[in-house]
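Below is one structure, written out as structure tokens; comments come after it.
The values are calculated or read from the model by the stated rules, or taken from the named source; none is laboratory data. Bear in mind that the values here come from a model prediction, so they are computed numbers and not experimental data. Neighbour counts are summed over all protein chains in view; Cβ atoms, including those assigned to glycine, are modelled from backbone coordinates with ideal geometry. Keep in mind that these areas ignore ligands, DNA and RNA; they rest on the heavy atoms of the full protein, side chains included. Shrake-Rupley method; radii C 1.70, N 1.55, O 1.52, S 1.80 Å.
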Amino acid sequence: MNNRTIRRSIPLAIVAIFALFGANLWAQTSSTPTSTSVTPPAVIDENQLFGGSKDIVTVIDPATAAAGNVQLVKDTKTYPVFLISGTAGAGLYGNYTPVGSGSSDLQTLYGAVNISGLEFDYLPTKDLHFSLANDLLAVPNQILAASVTGYADLRMSDLVRLYASGAFNYDPTSYLSTTKYSSPAFSLVELFVDTQINNQIFFRLGKQRISWGVGYWYKPSDVLSLSAIDPDNPTAAREGPFAFKVDVPMKLNHLMVYMVPPVTGLADSSSIASKYDLVVGGWELSLAGYARADMLARPRGIFTFTGAVGPFDVYGENVLLYGSDRTYVRPGSTPGAYETYRVEDLPFFQSTLGIKYSASYSNGLSYALHVQGYYNGTGYADSSILQNAAARTAVRNSGTYQANDLTQAGMWYLAGSASLSGRFGEGRNLTQVTGSVYALRNFSDTSMRFNPQLQIQVGDQGGRATFTFSDLTAIGPSLSEYAPNGNKTTPAVTVGILNDAVDLQASVPILLNSDFSVKKVQTEFSIFWNAVQY
Amino acid sequence: MNGARAVTTKFVHAKLTGKLSLVLFGLVLVFSARAQSAPAGGGHGGGGGPMGGIGLPLNFLQADKDYKFPDDIAKYSANDFLMLVRRTDIRSSFYNSDMSATISMVSVSPVRGTFANKQQIYRRDKDDAFLMIMVEPESRKGQGMLRVDNNMWRYDPTSRKFTHTTLKDTYENSTVTNNDFRRWQRSIDYSVVSITTGTLGNYKVIIGELKANNDEVPFPYIKMYIEADRKIVLKVEEYSLSMKLLRTAYYTQYVQIGDSLIPTVQIFQDGLIPEKRSQVTYTDISTKSLPDYYFTKEYLERVSQ
């Protein structure tokens, strides 16, 4: 789909949105209580709070309370409900390439409209909920970036429902997120039904997100997710499979069985996974197993744990596989050619351990440290072979290729983050300063990336100004894991004034040669007045 | 020939995988059957009696029963005051029944405006179990957290992931902390430093200054104003280590159900930014028995979006 198609579809989408919700605008109901009884007083007057003629204790008959709800505040909420939230602004957006400019590089300055987190929620009844969220960057003659996510949550009861969610993304410059969408992409995010038997056995049937594992940057036990972890946004939601999930809670303990039906049309591409969560004191332990009928993904046993040792939060994942899932590549007998192979008759082991520590004090000082190491037995001891495009092509063209063959292909990893935050002054003169950094290193291909950040927040509430400086830097050969574009550093500044009513962003991606001399300098900048804040 | 071998290999693999799956599944079932039940759930737990399994001192309730408080508030000793705090702790709980309620929280800032949300809460105090589910705003309906004893999970419906949090965390970036939703146990967490008497509106109060005896509580020093006749807390000032006032809590309305007293209107004022205030208001209170599965991660996942 090209930009012209997007330009045609956006007005249609807008019309559809308002066709859906417009008829119910009259029925808008605010979530802000109408009764002053639930709102804190404008001025705290202790004599007024405790000096009234009415006793502050109301006695309720225990039998009445045991029979049902005792209403103390009148519920004024009515359906249907229509809500809107988010911001919209207008300003300037542009690009400029002062060094190393090529014919494909943009040299632009536009008047632009920016929509951020604009969300529509519509509830015709208490158990039905439709939601649509939009982010958009548009210049006079085209949409530069757009993201639309929506869901429908249709409940028959608390535990029985149909849920569907989908997304549309177009973001060729990663303006809206860390993920690049070079061409417009529609996707079904989730589509499942929830049901249960006798409130004891619970089912989730359909395409669903599944988050196994307790790691942060590395989760070798997360065998069911279909997409890789984003190193710059490890908590981002990831695509899940179509699966039948059976869940049996046993107090805090928990038994889950997933059956993944065939994914290729062949019956033996189906798989099964089971996990048991056990809470012992302050620890949560998980035992799990996974197997796929055609053995393309190898059978494995999993043990994970999370808990605390003294003041440290500790977590770990351990996976024992029979054979490796990976399709490997090595130089072929012909110079310049590559051949692929698999290793299916040896045991492999993956293990990760993470430690977190944080402290905060009433004077506003707080700090946090987090480190995670990962041994990936299925990875290459030297994964630099994947920096060769022909080798990657050979893997992609093999009959056993899977999406994760080219991700986390190293054997040894280390990642960590640190933050330090301080507060100065009080009230409207409050200043909050936070310095933080995260870094990831793949020792098997020598690539790394890190992002130091300094945020200064001055003032409070509506008069607040926020200054953020960051510099995401990747170091490594081209096509390496953490530096896919080679050496690159991206200093950036973001300024939000008047509680983000005015928003200024500028970034300067600098491509570096292998000797760190400057190869190319680009700039991207924007300034928006977010005049509309719902 | 190669094709036939591949089919045979796949068939053997499928059989092996099937057997392996059965073994794994069987192991998990055996393990689950043998596993000890978690603290949640009526009648379970290691301590026996109504307080079993919640980590309170064995004589926490018993010592309170026959304690004779002085008739005159001027005669209160430090130990009397600590027993008074203990009485308020016990009466803030429902040890003989479950409790559910809808609570609204309104946060006010003169510049930024008013923000409101509403949650449904479920409590099983005898197991120190607590579940909260967001009801409003609609865009966050279904988000929630589960706490059983010191295990607390928050659920993110976007990534479908549970994460641990601590009781010290500020709730919703407001003047309310997660600890405010827990049943009170100030008499365990604090020691009495000094006591005086005073007046708060219509009520004569005993004022006690307390110091934390562990670092699990969010405030190292507090000053409590307790109305002695009915033994209810009216006001609590919470201080930093340097004795800077961080927050003031006012409990301006109570509901009494049997022996239990719930502060149904709680007003919190920020000590550093006095314009920031929050009010927590209870409604739809019930002591009806709740199903065990309410206090499970599974239920939290199901009711979220």
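Things worth noting here:
- The single residue among B:Ser77, B:Ser100, B:Ser104 that is farther than 28 Å from A:Pro40 by Cα and at pLDDT 85 or above turns out to be B:Ser77.
- Flag for A:Asn233 being surrounded by fewer than 18 Cβ atoms within 10 Å (Cβ to Cβ) and on the phi > 0 side of the Ramachandran plot: no
- Among (1) at pLDDT below 85; (2) open to solvent by less than 10 Å² (accessible area, probe 1.4 Å); (3) hydrophobic (A, V, I, L, M, F, W, C); (4) farther than 24 Å from A:Leu72 by Cα - the single one B:Phe219 does not satisfy: (2)
- If only residues of the range B:114-160 that are polar (S, T, N, Q) and within 11 Å of chain A (Cβ to nearest Cβ) are counted, the one that is nearest to B:Met99 (Cα to Cα) is B:Gln120.
- Scan of the range A:372-384 for residues that are in contact with a Phe, Trp or Tyr (Cβ under 6 Å, 6 or more places away or on another chain) and in contact (Cβ under 8 Å) with a residue 60 or more places away in the chain, ordered by number: A:Gln372, A:Tyr374
- Here A:Pro234 fulfils each of the conditions (1) of a type outside the set (Val, Ile, Thr); (2) outside any loop (DSSP other than H, G, I, E, B); (3) without any contact (Cβ under 8 Å) to a residue 24 or more places away in the chain apart from (2).
- Top-ranked residue of the range B:268-284 - restricted to ones that are surrounded by 21 or more Cβ atoms within 10 Å (Cβ to Cβ) and β-branched (Val, Ile, Thr), ranked as nearest to the other protein chains (Cβ to nearest Cβ): B:Thr281
- Within the range B:61-74, restricting attention to residues that are open to solvent by 50 Å² or more (accessible area, probe 1.4 Å) and not aliphatic (A, V, I, L, M), the residue that is modelled with the lowest pLDDT is B:Gln62.
- Of the residues making up the range B:225-272, those that are hydrophobic (A, V, I, L, M, F, W, C) and farther than 28 Å from B:Asp72 by Cβ number 11.
Residue by residue, here is whether (1) in a strand (DSSP E or B); (2) in contact with a Phe, Trp or Tyr (Cβ under 6 Å, 6 or more places away or on another chain) holds:
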{"position": "A:Ala185", "(1), (2)": "yes, no"}
{"position": "A:Gln196", "(1), (2)": "yes, yes"}
{"position": "A:Asn199", "(1), (2)": "no, yes"}
{"position": "A:Val223", "(1), (2)": "no, yes"}
{"position": "A:Glu239", "(1), (2)": "no, no"}
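- Test result for A:Leu162, in contact with a Lys or Arg (Cβ under 9 Å, 6 or more places away or on another chain), at pLDDT 95 or above, more than 12 Å from chain B (Cβ to nearest Cβ) and more than 30 Å from A:Tyr110 (Cβ to Cβ): yes
- Qualifying residue in the range A:345-362 (condition: out of contact with any Pro (no Cβ under 9 Å at 6 or more places or on another chain), farther than 24 Å from A:Leu414 by Cα and either crowded, with 19+ Cβ neighbours inside 10 Å or not hydroxyl-bearing (Ser, Thr, Tyr) (or both)): yes
- For the range B:279-305, a residue qualifies if it is free of Cβ contacts under 8 Å to residues at least 60 places away in the same chain and assigned to a helix (DSSP H, G or I), and the qualifying residues are B:Tyr293, B:Glu298, B:Arg302.
- In the set A:Leu154, A:Leu162, A:Leu137, only one residue is part of a strand (DSSP E or B), out of contact with any Cys (no Cβ under 7 Å at 6 or more places or on another chain) and touching a residue at least 40 places away in the same chain (Cβ under 8 Å); that residue is A:Leu137.
- Taking strands (runs of 3 or more DSSP E) as the structural unit, those lying wholly within the range A:302-370 and holding at least 2 residues that are within 28 Å of the chain's Cα centre (by Cα) correspond to A:312-322, A:347-360.
- Residues being out of contact with any Phe, Trp or Tyr (no Cβ under 7 Å at 6 or more places or on another chain), over 17 Å from A:Asn404 (Cα atoms) and of a type outside the set (S, T, N, Q) - total across the range A:303-329: 8
- Residue in the range A:448-459 that is within 14 Å of chain B (Cβ to nearest Cβ) and touching a strand residue (DSSP E or B) at 6+ places or on another chain (Cβ under 9 Å) present: yes
- Residue ID - least open to solvent (accessible area, probe 1.4 Å), chosen from residues in the range A:57-94 that are facing chain B (nearest Cβ under 7 Å) and touching a Pro at 6+ places or on another chain (Cβ under 9 Å): A:Val81
- Among residues of the range A:385-407 that are under 12 Å from A:Arg326 (Cα atoms), those with a beta-carbon under 7 Å from a residue that is of a type in the set (Gly, Ala, Ser) at least six positions away or on a different chain give the pairs A:Asn404/A:Ala228; A:Thr407/A:Ala228.
- For the range A:249-275, a tally of residues being more than 8 Å from chain B (Cβ to nearest Cβ), in contact (Cβ under 8 Å) with a residue 40 or more places away in the chain and over 21 Å from A:Lys219 (Cβ atoms) returns 0.
- Residues that are touching a strand residue (DSSP E or B) at 6+ places or on another chain (Cβ under 8 Å), farther than 24 Å from B:Arg123 by Cα and facing chain A (nearest Cβ under 7 Å) within the range B:221-266 comprise B:Ser240, B:Leu241, B:Leu246, listed in sequence order.
- Filtering A:Tyr374, A:Tyr380, A:Tyr361 for residues that are within 13 Å of A:Thr327 (Cβ to Cβ) and out of contact with any Cys (no Cβ under 8 Å at 6 or more places or on another chain) leaves a single hit, A:Tyr380.
- Residue list for the range A:495-534, restricted to those being open to solvent by 50 Å² or more (accessible area, probe 1.4 Å), part of a strand (DSSP E or B) and within 23 Å of A:Phe450 (Cβ to Cβ): A:Gln505, A:Val518, A:Lys519, A:Gln522
- Being of a type in the set (Lys, Arg) and buried (at least 21 other Cβ atoms within 10 Å of the Cβ) is a property that A:Lys251 has.
- Taking the listed residues A:Ser116, A:Ser53, A:Ser101, the one that is open to solvent by 40 Å² or more (accessible area, probe 1.4 Å) and within 30 Å of the chain's Cα centre (by Cα) is A:Ser116, with no other qualifying.
Table: residues versus (1) outside the structural domain of B:Arg124 (by TED's automatic domain parsing); (2) within 28 Å of B:Glu136 (Cβ to Cβ); (3) of a type outside the set (Lys, Arg); (4) touching an Asp or Glu at 6+ places or on another chain (Cβ under 7 Å).
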| residue | (1), (2), (3), (4) |
| --- | --- |
| B:Thr199 | no, no, yes, no |
| B:Ile207 | no, no, yes, no |
| B:Asp229 | no, no, yes, no |
| B:Leu234 | no, no, yes, yes |
| B:Ser240 | no, no, yes, no |
| B:Val255 | no, yes, yes, no |
| B:Asp259 | no, no, yes, no |
| B:Gln266 | no, yes, yes, no |
| B:Thr281 | no, yes, yes, no |
